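The values are calculated or read from the model by the stated rules, or taken from the named source; none is laboratory data. What you see is a predicted model; the values in this text were computed from it and never measured. All Cβ positions, glycine included, derive from the backbone under ideal geometry; neighbour counts span all protein chains shown. Just so you know, the surface numbers come from the protein's heavy atoms only, side chains and all, with ligands and any DNA or RNA stripped out. Shrake-Rupley method; radii C 1.70, N 1.55, O 1.52, S 1.80 Å.
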Amino acid sequence: MAAPNSNDAASASGPAPAGEEDTSIEALARRVQEHMTLASNPTARRHKFWETQPVGQFRDSTDTSLPDGAIEPPTPLSEVRADPYPLPAAFEWLTCDLDDDALLADLYSLLAHNYVEDDENMFRFNYSPAFLRWALKPPSFFRAWHIGVRAKESKKLVAFISGVPARIRARDDVVRMAEINFLCVHKKLRSKRLAPVLIREVTRRVHQENIWQAAYTAGVVLPTPITTCRYWHRSLNPKKLIDVGFSRLGPRMTMSRTVRLYKLPDAPLTPGFRRMELRDVAAVTRLLRAYLARFVVAPDFDEVDVEHWLLPQEDVVDSYLVESPETHEVTDFCSFYTLPSSVLNNANYSTLKAAYSYYNVSTKTPLQQLMNDALIVAKQKDYDVFNALDVMENESFLKELKFGPGDGQLHYYLYNYRIRNGIKPSELGLVLL
Amino acid sequence: MAGDWQELGQAAAIGLIFAFLVAKLISTVIAFKEDNLRITRSPPASPTAASRPRDPAAPSLASTDSDSDWEGVESTELDEEFSAASAFVAASAASGTSVPEEAQLRLYGLYKIATEGPCTAPQPSALKLKARAKWNAWHKLGAMPTEEAMQEYITIVHELFPNWDTGSSAKRKGEDSAASASGSKGPMGPVFSSLMYEEDEGNESELGDIHVSAREGATDDIVKLLAAGVEVNVRDTEGRTPLHWAVDRGHLSAVEVLAKANADMNAKDNEGQTALHYAVICEREDIAELLVKHHADPNIKDEDGNTAQELCPSNWSFMNPTY
């Protein structure tokens with residue numbers, strides 16, 4: 001698909017300063033189309049929109065003279081557009097106050113009915129209200145970055161996008177970034193093209209805070225992922241996973257043998273393995289900072305961050321550690337967050353309860369043993385499946401602990417930050433929710 | 001100059017190529033999946049999977065959305081037709097079909113009204129001829145209502161390309177569902193992933209026809225095979241009887257048929273497990289109860305030394321010897 005002149009279209013199509021951004025979604029679609037036709041030849045791919053953006057370009061991928069770091073310098077704050085971008089007439093912006101239970105319920109409902117599904121529309125993410133509050137209100141969050149769109153008449157929340165601030169280190173450079181997530185447009189409004197204006201608006205509000213970089217993920221390829229990860233899945237409740245279609249049983253394999261294959265001990269095996277508590281924050285922060293320093297891109301967590309992101313909250317985030325029975329030193333740490341999905345159209349089940357591997361640090365207990373204990377507690381807590389990306393050192397335990405590869409690939413992106421040549425998943429120390 | 005106008009036509013509609021391309025992409029992906037994933041996805045994992053309706057609209061959605069909430073807001077048939085028409089224009093412009101300049105500008109203005117509303121952008125410099133002409137086309141429509149703009153856009157497309165929508169309604173339907181599917185993925189955010197490969201553990205076991213029929217719960221076929229003289233306790237290469245397979249996949253009626261045909265309730269597979277072990281491990285309580293009724297022995301040990309009675313959930317009272 002040649003699709004010429006999209007820049008031309010954009011330049012005439014909207015308020016001048018961000019005109020090009022108009023076509024982000026279109027560019028995306030075109031990109032995907034090109035990807036299909038030119039899959040094996042990256043240099044032939046064209047990205048009319050993304051070529052105008054401060055993102056790593058495919059054409060630069062072999063140019064070793066380009067420095068790592070910001071692609072464009074910050075704009076003076078006075079030049080950041082002051083007013084929200086215009087919405088179609090029937091809609092208005094709503095800055096969301098997530099302390100308001102009614103609004104949180106509206107956001108939960110919007111996402112629960114309209115957010116990400118699998119390709120076959122069998123499952124849909126069902127982030128819990130408590131999870132959303134946790135994910136969107138980290139230390140020093142900006143309320144202005146919780147951006148809703150509602151219908152003027154009914155006041156119904158119909159679309160959402162969010163950013164949260166984070167300090168992310170890329171090589172030796174700690175950068176203030178926005179983590180962009182929860183972009184969702186109501187199913188009944190998909191032809192209204194709200195997503196591009198939501199992306200522009202969150203970008204504008206991030207710039208207003210003098211922040212010029214962002215981190216985000218996507219299931220599609222854009223210029224240019226810093227890395228591409230794969231999800232792996234460890235069945236905890238194989239019979240249910242098979243019944244709901246998350247997993248499938250081979251014609252010559254029995255359910256009986258499958259169930260036995262994934263059976264786990266009733267209790268964790270490592271002496272001193274226990275749940276993290278508030279008093280552990282300092283020790284966990286030390287472990288985590290030392291560990292994350294090994295990776296090329298990773299969050300820069302301090303104790304305040306660790307208390308927010310890793311202190312256990314029931315059905316939101318769980319963290320366990322190994323405290324040496326002799327020295328009482330905290331030597332190892334593992335964590336996972338809880339992201340259930342709605343099971344669509346199944347007579348027997350309505351929810352799939354999934355644990356997602358978050359940050360894990362092993363110094364004394366072998367990582368594989370530590371993660372086996374994480375599986376055991378997840379099974380005890382009635383999770384159906386334990387998911388992990390092949391980031392950090394996860395590959396070292398995935399196969400051994402009977403994780404199977406998933407059909408989902410997750411591409412990680414940085415906006416306005418170049419990491420020359422990209423990195424391997426094992427060099428990535430960042431998990432976005 | 002003519003080249004410029006053609007560009008303009010493309011420009012006016014290029015935004016809408018989104019829906020078109022994604023629809024195409026998704027249908028291609030779906031087709032690809034159906035062609036390729038069959039290798040791992042066939043046969044359907046369970047009877048429920050096979051008969052699952054495709055429409056994911058959850059009942060709870062209907063209950064939370066009263067229709068009045070959506071008046072004037074939700075995507076209408078007009079939206080859909082407008083999207084289709086603009087996608088068609090974008091596609092035909094990209095393929096070099098020529099459209100009179102005047103019509104191109106008119107379509108551009110209507111498209112902007114339909115998608116963004118009245119023109120509030122500053123007037124481009126007079127030196128930028130193309131941009132200025134486009135801006136004029138948009139601006140002069142003033143506060144034209146969105147619906148009117150869509151309607152007129154569709155009318156003009158009909159005049160320019162009388163046959164533009166002759167693609168069958170079936171095709172349009174396909175694109176609709178593709179569009180809703182595409183929305184589920186979204187341009188950024190997390191990805192829902194599920195297991196790529198089926199559970200088979202490099203399994204090399206070979207099944208007879210009656211094992212397959214038992215596995216699929218095809219009771220009529222089981223009856224036919226038995227009538228044709230197939231032995232009811234015939235083993236597959238793993239030592240499993242048809243009863244093991246019927247129990248493993250949870251087919252109660254097939255278990256009844258096999259029981260009635262005097263299947264050996266206590267036959268062991270190569271690992272020493274009986275059908276009752278299978279029922280317990282797979283937590284199929286109704287089937288376990290049926291097996292016990294047909295005098296399956298809960299105290300047979302498998303090669304690991306476990307009896308079905310020891311493995312079963314404690315609340316299955318029928319498994320207790322006193323039962």
State whether the residues of segment A:115-132 include one that is over 30 Å from A:ARG248 (Cβ atoms), at pLDDT 95 or above, surrounded by 19 or more Cβ atoms within 10 Å (Cβ to Cβ) and of a type outside the set (Lys, Arg). yes
A:ARG204 versus (1) within 11 Å of chain B (Cβ to nearest Cβ); (2) open to solvent by 10 Å² or more (accessible area, probe 1.4 Å): which is the lone unmet condition? (1)
Out of segment B:102-127, which residues are part of a helix (DSSP H, G or I), within 12 Å of another protein chain (Cβ to nearest Cβ) and free of Cβ contacts under 8 Å to residues at least 12 places away in the same chain? B:GLU116
Have a look at A:ASP302, A:ASP318, A:ASP280 and point out the one that is in contact with a helix residue (DSSP H, G or I) (Cβ under 8 Å, 6 or more places away or on another chain), open to solvent by less than 10 Å² (accessible area, probe 1.4 Å) and modelled with pLDDT of 95 or more. A:ASP318
Can you confirm whether segment A:328-342 contains a residue that is within 14 Å of chain B (Cβ to nearest Cβ) and either modelled with pLDDT under 95 or over 18 Å from the mean Cα position of the chain (by Cα) (or both)? yes
Where residues in segment A:88-106 are within 13 Å of chain B (Cβ to nearest Cβ) and touching a Gly at 6+ places or on another chain (Cβ under 9 Å), which of them is surrounded by the fewest Cβ atoms within 10 Å (Cβ to Cβ)? A:ALA89
Could you identify the single residue in A:ARG252, A:ARG257, A:ARG248, A:ARG234 that is among the charged types (D, E, K, R) and in contact (Cβ under 8 Å) with a residue 24 or more places away in the chain? A:ARG234
Just for segment A:392-422: of the residues that are more than 14 Å from every other protein chain (Cβ to nearest Cβ) and modelled with pLDDT under 95, which one is most open to solvent (accessible area, probe 1.4 Å)? A:ASN421
Quick one: which of A:MET371, A:MET392 is aliphatic (A, V, I, L, M) and assigned to a helix (DSSP H, G or I)? A:MET371
Those residues of segment A:170-194 that are under 17 Å from the mean Cα position of the chain (by Cα) and not β-branched (Val, Ile, Thr) come to a total of 7
Residues that are within 13 Å of chain A (Cβ to nearest Cβ) and either out of contact with any Asp or Glu (no Cβ under 9 Å at 6 or more places or on another chain) or under 22 Å from A:LEU249 (Cβ atoms) (or both), at least 3 per element: which helices (runs of 4 or more DSSP H) completely within segment B:231-323 meet that? B:242-248, B:275-281, B:285-293
Away from every other protein chain (no Cβ under 11 Å) and either surrounded by fewer than 23 Cβ atoms within 10 Å (Cβ to Cβ) or among the basic types (Lys, Arg) (or both) - does that describe any residue in segment A:248-265? yes
When both residues are 6+ apart or on different chains and their Cβ atoms are under 6 Å apart, which pairs have a first residue that lies in segment B:300-319 and is over 13 Å from B:HIS277 (Cβ atoms), and a second that is among the charged types (D, E, K, R) and outside any helix (DSSP H, G or I)? none
Among B:LYS224, B:LYS130, B:LYS173, the single one that is loosely packed, with under 15 Cβ neighbours inside 10 Å, part of a helix (DSSP H, G or I) and either at the interface with chain A (Cβ under 9 Å from one of its Cβ atoms) or modelled with pLDDT of 80 or more (or both) is B:LYS224
